[in-house]
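Participant: Quick one: the structure is below, questions incoming.
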Amino acid sequence: MHILNPAPLQMPSINRRRLLLINNPVAGMRGRTLIDQVVAELEKRGAHITRSPPGQEAMRAAVQDAAGNFDAIIAAGGDGTVRALAAALEGADVPIALVPMGTGNVLASETDLPRQPMRLADLIIDGRVQHITGGRANGQPFYLMAGAGFDGAAVAGLNTPWKRRMGKLAYAGPGLRALSRKPPRLDVIIDGKSYPANWAVFANGQRYGGPFTLTRRADLRTQGLQAVLINAPSRLALAAMVARLAAGSLDQVSGVEVVACTRASVHSPEPVPVQVDGDPFGVTPLEIESGGSGFSLIVPEGYAR
């Protein structure tokens, strides 16, 4: 009598075939080349691609018709594109697949998304779906981070056409100008407790600015935010903390506190610039709360585990 070892269980093929493409029209040549290559690979696999016309109103109209008509929506762009799409999808059960074409691509780094067209096409068709939690800034949804202070000033000072040409190098000038100013005073209240800071970032995920690690305590897949509070006594001290952020050790520096956050408010004597998911978001005051409907994201198997 022979006892056969059972075959390993295999995940059933998902086979997404009806796909809506939301394309960032201001992506550079490299980005357009990538999405064209991904679309070609998807079509080889039998997928049917519907392209949404450009413009916010056209995107919203297409997204409203997505539920029941498409198996997934492809967001070809950066973190801002995903944020706008996820906000338009609030309440609809259609997963988003990301083709990273932005400057920072924080979400792509966070989920270890592949960059090769063949692997991206395979992921879009058969990849696992992970629910991504969110937060709200002044009532508006965000999914990665909201910051007041240094990063808000750097993003506010960014030249968009220059950013399209130069990529991350375009942040050098605005970043240096933000560091040359006296660090602002922020009054931050988190779940009823007051904290002083010059720069406050409310993180939903670990990554920041692409590959940099802001705090390992945050996780896109769990409810709740982590407030990273930087209290720098001088311009030089703030510059040193920015350097530690680039080295991935900011949350280990004296003068930096990481606090679990459900609700927070940020006030300042003078208006301080704010950024949300890498885009300008006006100035303080800023009201933060965790929660919101979130969205479904197609992710690599390793991140889903």
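The values are calculated or read from the model by the stated rules, or taken from the named source; none is laboratory data. What you see is a predicted model, and the numbers here were worked out from it, not measured in a lab. Virtual Cβ from ideal backbone geometry, glycine too; neighbours counted across all protein chains shown. Ligands, DNA and RNA are stripped out before the accessible areas are found, and what is left, the full protein with its side chains, is counted by its heavy atoms. Shrake-Rupley method; radii C 1.70, N 1.55, O 1.52, S 1.80 Å.
Participant: Please pick out the residue among ALA154, ALA148, ALA137 that is surrounded by 23 or more Cβ atoms within 10 Å (Cβ to Cβ) and either within 18 Å of ILE73 (Cα to Cα) or touching a Gly at 6+ places or on another chain (Cβ under 8 Å) (or both).
Facilitator: Working: ALA148 fails: either within 18 Å of ILE73 (Cα to Cα) or touching a Gly at 6+ places or on another chain (Cβ under 8 Å) (or both); ALA137 fails: either within 18 Å of ILE73 (Cα to Cα) or touching a Gly at 6+ places or on another chain (Cβ under 8 Å) (or both).
Exactly one of ALA154, ALA148, ALA137 is surrounded by 23 or more Cβ atoms within 10 Å (Cβ to Cβ) and either within 18 Å of ILE73 (Cα to Cα) or touching a Gly at 6+ places or on another chain (Cβ under 8 Å) (or both), namely ALA154.
Participant: Looking at (1) at pLDDT 95 or above; (2) touching a helix residue (DSSP H, G or I) at 6+ places or on another chain (Cβ under 6 Å); (3) at positive phi, can you tell me which one GLY282 breaks?
Facilitator: Failed condition: (2).
Participant: Would you please list the contacts, defined by Cβ atoms under 6 Å and residues six or more apart or on different chains, that run from a residue in region 187-201 that is aromatic (Phe, Trp, Tyr) to a residue that is buried (at least 22 other Cβ atoms within 10 Å of the Cβ)?
Facilitator: Hits for this filter: TYR195/VAL188; TYR195/LEU229; TRP199/GLY149; TRP199/PHE150; TRP199/ILE230.
Participant: Which residues, counting only those in region 252-261, are open to solvent by 40 Å² or more (accessible area, probe 1.4 Å) and under 25 Å from the mean Cα position of the chain (by Cα)?
Facilitator: As a first pass, look at region 252-261 and keep what is open to solvent by 40 Å² or more (accessible area, probe 1.4 Å): 252, 254, 257, 260.
Passing the criteria: GLN252, GLU257, ALA260.
Participant: ALA178 - would you say it is assigned to a helix (DSSP H, G or I), over 20 Å from the mean Cα position of the chain (by Cα), at pLDDT 95 or above and buried (at least 19 other Cβ atoms within 10 Å of the Cβ)?
Facilitator: Numbers: assigned to a helix (DSSP H, G or I): yes; over 20 Å from the mean Cα position of the chain (by Cα): yes; at pLDDT 95 or above: no; buried (at least 19 other Cβ atoms within 10 Å of the Cβ): yes.
Against the criterion (assigned to a helix (DSSP H, G or I), over 20 Å from the mean Cα position of the chain (by Cα), at pLDDT 95 or above and buried (at least 19 other Cβ atoms within 10 Å of the Cβ)), ALA178 does not qualify.
Participant: Return a yes/no flag: does region 213-224 have any residue that is assigned to a strand (DSSP E or B) and crowded, with 21+ Cβ neighbours inside 10 Å. Full working, then the answer.
Facilitator: Going residue by residue through region 213-224, those that are assigned to a strand (DSSP E or B) are 213.
This time we only want the ones that are crowded, with 21+ Cβ neighbours inside 10 Å, so: none.
The answer is no, given that none of the residues of region 213-224 is assigned to a strand (DSSP E or B) and crowded, with 21+ Cβ neighbours inside 10 Å.
Participant: Would you confirm, using the coordinates I've provided, whether ALA154 is out of contact with any His (no Cβ under 6 Å at 6 or more places or on another chain), outside any strand (DSSP E or B), farther than 20 Å from GLU41 by Cα and at pLDDT 90 or above?
Facilitator: On the way: out of contact with any His (no Cβ under 6 Å at 6 or more places or on another chain): yes; outside any strand (DSSP E or B): yes; farther than 20 Å from GLU41 by Cα: yes; at pLDDT 90 or above: yes.
Spelling it out, ALA154 is indeed out of contact with any His (no Cβ under 6 Å at 6 or more places or on another chain), outside any strand (DSSP E or B), farther than 20 Å from GLU41 by Cα and at pLDDT 90 or above.
Participant: Answer yes or no as to whether GLY282 is part of a strand (DSSP E or B) and surrounded by fewer than 18 Cβ atoms within 10 Å (Cβ to Cβ).
Facilitator: Values: part of a strand (DSSP E or B): yes; surrounded by fewer than 18 Cβ atoms within 10 Å (Cβ to Cβ): yes.
Yes; evaluated as a whole, the condition is true for this residue.
Participant: Give the number of residues within region 189-211 that are open to solvent by less than 20 Å² (accessible area, probe 1.4 Å) and under 16 Å from ALA108 (Cα atoms).
Facilitator: Just the residues of region 189-211 that are open to solvent by less than 20 Å² (accessible area, probe 1.4 Å), to begin with: 190, 197-205, 210.
Remaining after also requiring under 16 Å from ALA108 (Cα atoms): 203-205, 210.
Selection size over region 189-211: 4.
Participant: List every residue pair whose Cβ atoms lie under 9 Å apart, where the two residues are 6 or more positions apart in sequence or sit on different chains, the first residue falls within region 218-244 and is touching a residue at least 60 places away in the same chain (Cβ under 8 Å) and among the charged types (D, E, K, R), and the second residue, located anywhere, is buried (at least 20 other Cβ atoms within 10 Å of the Cβ) and not in a loop (DSSP other than H, G, I, E, B).
Facilitator: Here the result reads ARG221/ILE132, each pair linking region 218-244 to a residue that is buried (at least 20 other Cβ atoms within 10 Å of the Cβ) and not in a loop (DSSP other than H, G, I, E, B).
Participant: Looking only at residues in region 90-121 that are open to solvent by less than 10 Å² (accessible area, probe 1.4 Å) and β-branched (Val, Ile, Thr), which one is farthest from ARG60 (Cα to Cα)?
Facilitator: Of everything passing the filter in region 90-121, THR111 is farthest from ARG60 (Cα to Cα).
Participant: Quick check on ALA75: is it within 19 Å of the chain's Cα centre (by Cα) and open to solvent by 10 Å² or more (accessible area, probe 1.4 Å)? If you could, list the steps in order and put the result at the bottom.
Facilitator: Values: within 19 Å of the chain's Cα centre (by Cα): yes; open to solvent by 10 Å² or more (accessible area, probe 1.4 Å): no.
No; evaluated as a whole, the condition is false for this residue.
Participant: Same structure, new question: Looking only at residues in region 285-297 that are over 22 Å from HIS131 (Cβ atoms) and open to solvent by 30 Å² or more (accessible area, probe 1.4 Å), which one is farthest from the chain's Cα centre (by Cα)? Can you show your working first?
Facilitator: Within region 285-297, the subset over 22 Å from HIS131 (Cβ atoms) is 285-287.
Restricting the remaining residues to those that are open to solvent by 30 Å² or more (accessible area, probe 1.4 Å) gives 285, 287.
Values: PRO285: 22, GLU287: 19 Å.
For region 285-297, the residue satisfying everything is PRO285.
Participant: Here is a further query. On the basis of being more than 23 Å from VAL82 (Cα to Cα) and touching a strand residue (DSSP E or B) at 6+ places or on another chain (Cβ under 9 Å), does PRO273 make the cut?
Facilitator: On the way: more than 23 Å from VAL82 (Cα to Cα): no; touching a strand residue (DSSP E or B) at 6+ places or on another chain (Cβ under 9 Å): yes.
Spelling it out, it is not the case that PRO273 is more than 23 Å from VAL82 (Cα to Cα) and touching a strand residue (DSSP E or B) at 6+ places or on another chain (Cβ under 9 Å).
Participant: Is it the case, given these coordinates, that VAL242 is within 29 Å of GLN140 (Cα to Cα), assigned to a strand (DSSP E or B) and open to solvent by less than 60 Å² (accessible area, probe 1.4 Å)? Lay out the reasoning, then the answer.
Facilitator: Values: within 29 Å of GLN140 (Cα to Cα): yes; assigned to a strand (DSSP E or B): no; open to solvent by less than 60 Å² (accessible area, probe 1.4 Å): yes.
No, not satisfied.
Participant: Scan region 245-278 residue by residue and report those that are of a type in the set (A, V, I, L, M) and in a helix (DSSP H, G or I). Don't jump to the end; show me each part of the working.
Facilitator: Of all residues in region 245-278, those of a type in the set (A, V, I, L, M) come to 245-247, 250, 253, 256, 258-260, 264, 266, 272, 274, 276.
Residues satisfying the conditions are LEU245, ALA246, LEU250.
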